[in-house]
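S.K.: The structure is given below, and queries will be raised subsequently.
The values are calculated or read from the model by the stated rules, or taken from the named source; none is laboratory data. Model, not experiment: these values are computed from the prediction. Every residue, glycine among them, receives a Cβ derived from its backbone with ideal geometry; neighbour counts consider all protein chains shown.
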Amino acid sequence: MLKQIEGSRAVAEAVALCRPEVICAYPITPQTHIVENLGEMVKAGDIKGCEFVNVESEFAALSVAIGASATGARAYTATASQGLLFMAEAVYNASGLGLPIVMTIGNRAIGAPINIWNDQQDSMSMRDAGWIQLYAETNQEAVDLHIQAVPLAEELSVPVMVCVDGFILTHAYERVDIPTQAQVDAYVPPYEPRQILDPAEPVTIGAMVGPEAFTEVRYLAHYRQMQALGLIPELADAFAEQFGRHSGGLVRGYRQDDADTLVVALGSVNGTVKDVIDQLRERDVAIGSVSVISFRPFPAKRLRAMLEHASRVIVVEKSLAVGIGGIVSTDVRMALAGTGIPVHTVIAGLGGRAITQDALRDYLLRAHRDAVERVTFLDLRHDVIHREIERLETQRRSGPVAENILRELGSVADRIG
Amino acid sequence: MRSSHVKFYQTGTFTVGNRLLNDSDRSVQSTMERTNSLNSGHRACQGCGEALGARYAIDAAMRATDNQLIAANATGCLEVFSTPYPETSWQIPWIHSLFGNAAAVATGIAVALRVKGRTGTRVVAQGGDGGTTDIGFGCLSGMFERNDDVLYICYDNEAYMNTGVQRSSATPPAARTATTQVVGPQPGNVFGQGKNVPRIAMAHEIPYVATATVADVRDLEAKVTKAMSIHGARYIHVLVPCPLGWGAAPHDTVKLARLATESGLFPVFEAEHGEVTDRSTIRRQVAVEEYLKPQRRFAHLFKPTLQSEVIARLQAQADRNIRRYNLLSGETHR
């Protein structure tokens, strides 16, 4: 059913259709609307056989989900930013225990300085935690990825994060096709757990494992993600067949076949990337893009096959590996090892800075001429950083960096965008 | 072959052999049907109070629930000594997730059981004092506040024993630990304000709060049994001496637990919905020195010079407990 609907509401409706049994909620912007909506649905009796638990922290949210999942219930939670970091220990624990929890990330920056706006530093910080990570490009895809995430998680007994760009998607009202309960029921089978806490058949879960077996346990976590490289496209194909639209999968190309320059990006920025590609194509610039939907497992082979005909690859990153540059870029370089194809990184959209078509187009034109550095910060205010660097070098007690910069910039309301 | 005298009755207690009691009054541990939920062969130290307490508590909870019990365990001694896989001492469904989340994991189990309609199965969470009063405190308070259907049992040995005897918020003043060393002008742990988690639990007005010690395991069994007859958040705080961490002889574990209660330092009581409903009175009051002296963690209070002032402050704590819970007069209801 087509609806003009907020992204968070759409995600909540998709989660509800997957028949969750335990939902744990702790508020954090920009994810909060999702659990608010779900809470209302549970309370009103619109989600049958489901408990909604308001907890005291994100650490508890995921811990309650861990207990529920280990007892055989389909468990869901959502978080963002600081919340994801606060639950970090439980994030690793859930995957280590092989519990197929689905969690939405409303992608948001991490402080300090505190910042509620979108980038992808939060989920990137958990990229090695053993969860599958899927990135939605649109709210339609956010809906569809949640529906695909449940059977994916439960078939492999691996938790899945569905990453949805904060505000840009979570708070955007747009047209979304919400499937029917019957459609989703036909696609999402009932949860058959691999392990369950049950007095009839007592098991010990979470025992200590020493050097004699730890490597093997970790290898099997890796192995299950490698299996997901096969299952994710299968689920996307089955979804397309059943729901009549293509969503999900490992990667998705756009005008990439004859491109000299290929752009790689995750999430909603792909919309802007495609618009810019269309503009540049009109100017006969041979450029295309590849959207990475599954970042974990990383589809290195598929990506290489799509990128290896290009002369250069540009990775647009909404996160920063401080001290080296790009996070996704490192993986893309690994996928392209031995090809000699240069990979450039453009760090963009940090803390919600708008990635404008103008800025991206200018950058990509330069990149297409190989006139960019290995790492570029899009729209970086050089005047601002030079003044602050000067202050740092001349005054020992130079004060807090963020506050110094804000004082100089004055009111920021008219500078966003 | 060497032999030793066996004492059938401990002096100064009400202990009687189970043979002399009616079947219904006998302890869970004395019955053939006891479940040995924490089975023998685990790797706890000799004289471990926590192993003793957990065995009595969980077997009692098993009997009270007709063996329909699931346990969530915090990281700590109990977790480590019971599950060096492929060995496990647990005869019940048991999960260990993290150090600080046992209460929340238990909530998840309880909620899942409810949603699955498995309402006959009950949930126990357990942890040491570190996992309860420090790192797991947020999750514990959350579980209390929501009144989730979980019995949380804290086995309090008054320090982080699993990591090598470091101070926790349950470590008593003046006690020596690896992080409150016997050096400087005020050796041992500081005199802080204390962190009385049973009283904090009572402040949540949850249906049932109790304290117990391994000196009176029948009392512990009775309290666990009572707790399992109630739904909602319940909390039992059990004092479990640790020979290693306290610097005491393994055979003194029960004796030290008794001295802790008889001195007034560890009051044993029950509370319902925030109100104290019963307490175990002191039968033969002892000065705190009697409790402190056998423990090397307090040795610096006696040698090289007697620290009368410090001991007096500890005695004042005991006296305050005696007044607060009226431990010296009147009948214990049970």
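S.K.: Determine which member of the set A:Val313, A:Val346 is crowded, with 19+ Cβ neighbours inside 10 Å, of a type in the set (A, V, I, L, M, F, W, C) and under 26 Å from A:Gln225 (Cβ atoms).
M.R.: Within the list A:Val313, A:Val346, the selection yields A:Val313.
S.K.: Kindly indicate which of B:Arg313, B:Arg283, B:Arg297, B:Arg320 is modelled with pLDDT under 95 and farther than 30 Å from B:Arg122 by Cβ.
M.R.: Values: B:Arg313 fails: modelled with pLDDT under 95; B:Arg297 fails: modelled with pLDDT under 95; B:Arg320 fails: modelled with pLDDT under 95.
The match here is B:Arg283.
S.K.: Here's a follow-up. For A:Thr29, are the conditions met, namely being β-branched (Val, Ile, Thr) and under 19 Å from the mean Cα position of the chain (by Cα)? I'd like the intermediate steps shown before the answer.
M.R.: Working: β-branched (Val, Ile, Thr): yes; under 19 Å from the mean Cα position of the chain (by Cα): yes.
Here the answer is yes, as A:Thr29 does meet what is asked.
S.K.: If we scan segment A:389-399, do we find a residue that is at pLDDT 95 or above and part of a loop (DSSP other than H, G, I, E, B)?
M.R.: Looking for residues that are at pLDDT 95 or above and part of a loop (DSSP other than H, G, I, E, B), one finds none in segment A:389-399, hence no.
S.K.: For segment B:247-277, what are the residues that are over 15 Å from the mean Cα position of the chain (by Cα) and either within 15 Å of B:Gly49 (Cα to Cα) or crowded, with 16+ Cβ neighbours inside 10 Å (or both)? Before you say what the answer is, go through the steps one by one.
M.R.: Here is the first cut: in segment B:247-277, the residues over 15 Å from the mean Cα position of the chain (by Cα) are B:247-252, B:262-264, B:271-277.
Once the filter is applied, which keeps residues that are over 15 Å from the mean Cα position of the chain (by Cα) and either within 15 Å of B:Gly49 (Cα to Cα) or crowded, with 16+ Cβ neighbours inside 10 Å (or both), segment B:247-277 yields B:Gly247, B:Ala248, B:Ala249, B:Pro250, B:His251, B:Asp252, B:Glu262, B:Ser263, B:Gly264, B:Ala271, B:Glu272, B:Val276.
S.K.: Give the number of residues within segment B:80-102 that are more than 7 Å from chain A (Cβ to nearest Cβ) and either surrounded by fewer than 24 Cβ atoms within 10 Å (Cβ to Cβ) or assigned to a strand (DSSP E or B) (or both).
M.R.: Counting residues in segment B:80-102 that are more than 7 Å from chain A (Cβ to nearest Cβ) and either surrounded by fewer than 24 Cβ atoms within 10 Å (Cβ to Cβ) or assigned to a strand (DSSP E or B) (or both) gives 5.
S.K.: Exactly one of these conditions fails for A:Thr79: (1) β-branched (Val, Ile, Thr); (2) within 8 Å of chain B (Cβ to nearest Cβ); (3) under 17 Å from A:Ala129 (Cα atoms). Give me its number.
M.R.: Among (1) β-branched (Val, Ile, Thr); (2) within 8 Å of chain B (Cβ to nearest Cβ); (3) under 17 Å from A:Ala129 (Cα atoms), A:Thr79 violates only (2).
S.K.: Just checking, does segment A:153-162 include any residue being part of a helix (DSSP H, G or I), among the hydroxyl-bearing types (Ser, Thr, Tyr) and in contact (Cβ under 8 Å) with a residue 40 or more places away in the chain?
M.R.: Taking segment A:153-162 and keeping what is part of a helix (DSSP H, G or I), we get A:153-156.
From what's left, among the hydroxyl-bearing types (Ser, Thr, Tyr): none.
No, segment A:153-162 has no match at all.
S.K.: Something else about it: Determine which member of the set B:Ala61, B:Ala74 is touching a Leu at 6+ places or on another chain (Cβ under 8 Å) and over 22 Å from A:Gly72 (Cα atoms). Please lay out each step first, then the result.
M.R.: On the way: B:Ala74 fails: over 22 Å from A:Gly72 (Cα atoms).
Step by step, each of B:Ala61, B:Ala74 is checked, and only B:Ala61 is touching a Leu at 6+ places or on another chain (Cβ under 8 Å) and over 22 Å from A:Gly72 (Cα atoms).
S.K.: Out of the residues in segment B:117-127 meeting the condition of being more than 7 Å from chain A (Cβ to nearest Cβ) and not aliphatic (A, V, I, L, M), tell me which one is nearest to A:Pro20 (Cα to Cα).
M.R.: Step one: list which residues in segment B:117-127 are more than 7 Å from chain A (Cβ to nearest Cβ), which gives B:117-120, B:122-127.
Within this subset, residues satisfying the condition of being not aliphatic (A, V, I, L, M) are B:117-120, B:122, B:126-127.
Working: B:Gly117: 15, B:Arg118: 17, B:Thr119: 19, B:Gly120: 22, B:Arg122: 22, B:Gln126: 28, B:Gly127: 30 Å.
Per the stated criteria, the residue is B:Gly117.
S.K.: How many residues are under 23 Å from A:Val322 (Cβ atoms) and surrounded by fewer than 23 Cβ atoms within 10 Å (Cβ to Cβ) when one looks only at segment A:131-144? Can you show your working first?
M.R.: Residues of segment A:131-144 that are under 23 Å from A:Val322 (Cβ atoms), as a first pass: A:131, A:133, A:135.
After this cut, where a residue has to be surrounded by fewer than 23 Cβ atoms within 10 Å (Cβ to Cβ) as well, the list is none.
Of the residues in that region, 0 qualify.
S.K.: Take the conditions out of contact with any His (no Cβ under 6 Å at 6 or more places or on another chain), touching a residue at least 24 places away in the same chain (Cβ under 8 Å) and within 17 Å of B:Asn157 (Cβ to Cβ) and apply them to B:Thr225. Does it pass? Full working, then the answer.
M.R.: Numbers: out of contact with any His (no Cβ under 6 Å at 6 or more places or on another chain): yes; touching a residue at least 24 places away in the same chain (Cβ under 8 Å): yes; within 17 Å of B:Asn157 (Cβ to Cβ): no.
Criteria not met by B:Thr225.
S.K.: Also, quick follow-up: Hey, B:Arg114 hits all of (1) of a type in the set (D, E, K, R); (2) within 7 Å of chain A (Cβ to nearest Cβ); (3) closer than 14 Å to A:Ala207 by Cβ but one; which does it fall short on?
M.R.: The failed condition is (3).
S.K.: How about segment A:352-378: which of its residues are in a loop (DSSP other than H, G, I, E, B) and buried (at least 18 other Cβ atoms within 10 Å of the Cβ)? First the steps, then the outcome.
M.R.: Our first condition is that a residue be in a loop (DSSP other than H, G, I, E, B); within segment A:352-378, this holds for A:353-356, A:369-374, A:378.
A:Arg353, A:Ile355, A:Val372, A:Leu378, listed by residue number.
S.K.: Of all residues in segment A:29-50 being closer than 29 Å to A:Gly351 by Cβ and surrounded by fewer than 23 Cβ atoms within 10 Å (Cβ to Cβ), which is farthest from the other protein chains (Cβ to nearest Cβ)? Walk me through how you get there before you give the answer.
M.R.: We begin by selecting, within segment A:29-50, every residue closer than 29 Å to A:Gly351 by Cβ; these are A:29-39.
Checking the rest, the ones that are also surrounded by fewer than 23 Cβ atoms within 10 Å (Cβ to Cβ) come to A:29, A:32-33, A:36-37, A:39.
Details: A:Thr29: 21, A:Thr32: 18, A:His33: 23, A:Glu36: 18, A:Asn37: 19, A:Gly39: 14 Å.
Among them, the one singled out is A:His33.
S.K.: Pick out the one residue from A:Gly288, A:Gly253, A:Gly267, A:Gly206 that is under 30 Å from B:Tyr85 (Cα atoms) and touching a strand residue (DSSP E or B) at 6+ places or on another chain (Cβ under 7 Å).
M.R.: Values: A:Gly288 fails: under 30 Å from B:Tyr85 (Cα atoms); A:Gly253 fails: under 30 Å from B:Tyr85 (Cα atoms); A:Gly267 fails: under 30 Å from B:Tyr85 (Cα atoms).
Checking each option against the conditions leaves just A:Gly206.
S.K.: Of the residues A:Ala228, A:Ala182, which is part of a helix (DSSP H, G or I), in contact (Cβ under 8 Å) with a residue 24 or more places away in the chain and of a type outside the set (Ser, Thr, Tyr)? Don't jump to the end; show me each part of the working.
M.R.: On the way: A:Ala182 fails: in contact (Cβ under 8 Å) with a residue 24 or more places away in the chain.
Every option except A:Ala228 fails the conditions.
S.K.: Run B:Phe302 past the list (1) surrounded by 24 or more Cβ atoms within 10 Å (Cβ to Cβ); (2) aromatic (Phe, Trp, Tyr); (3) farther than 24 Å from B:Val197 by Cα and report the number of the one that doesn't hold.
M.R.: Only one criterion is unmet by B:Phe302, namely (1).
S.K.: Based on this model, can you work out whether B:Asp148 counts as within 14 Å of chain A (Cβ to nearest Cβ), under 30 Å from B:Ile230 (Cα atoms) and in contact (Cβ under 8 Å) with a residue 24 or more places away in the chain?
M.R.: On the way: within 14 Å of chain A (Cβ to nearest Cβ): yes; under 30 Å from B:Ile230 (Cα atoms): yes; in contact (Cβ under 8 Å) with a residue 24 or more places away in the chain: yes.
Answer is yes for this residue.
S.K.: Which pairs turn up if I take residues in segment A:185-209 that are more than 11 Å from chain B (Cβ to nearest Cβ) and look for partners that are part of a helix (DSSP H, G or I) and surrounded by 17 or more Cβ atoms within 10 Å (Cβ to Cβ) with beta carbon separation below 6 Å, at least 6 apart in sequence or on another chain?
M.R.: A:Val188/A:Val150; A:Val188/A:Pro151
S.K.: May I pose another question? From the residues in segment A:51-76 that are among the aliphatic types (A, V, I, L, M) and in contact with a Phe, Trp or Tyr (Cβ under 6 Å, 6 or more places away or on another chain), which one is nearest to the other protein chains (Cβ to nearest Cβ)?
M.R.: Just the residues of segment A:51-76 that are among the aliphatic types (A, V, I, L, M), to begin with: A:53, A:55, A:60-62, A:64-66, A:68, A:70, A:73, A:75.
Next, only the ones that are in contact with a Phe, Trp or Tyr (Cβ under 6 Å, 6 or more places away or on another chain) stay: A:55, A:61.
Working: A:Val55: 6, A:Ala61: 8 Å.
Going through the qualifying residues, I end up with A:Val55.
S.K.: While we're looking at this one, here's another question. Which of the numbered conditions does B:Val105 fail, given that it passes all the others? Conditions: (1) in contact with a strand residue (DSSP E or B) (Cβ under 8 Å, 6 or more places away or on another chain); (2) within 8 Å of chain A (Cβ to nearest Cβ); (3) crowded, with 24+ Cβ neighbours inside 10 Å; (4) not in a helix (DSSP H, G or I).
M.R.: So B:Val105 meets the others, but not (4).
S.K.: Please find, among B:Ile200, B:Ile153, B:Ile206, the residue that is closer than 29 Å to A:Val55 by Cα, part of a loop (DSSP other than H, G, I, E, B) and β-branched (Val, Ile, Thr).
M.R.: Answer to the check: B:Ile206.
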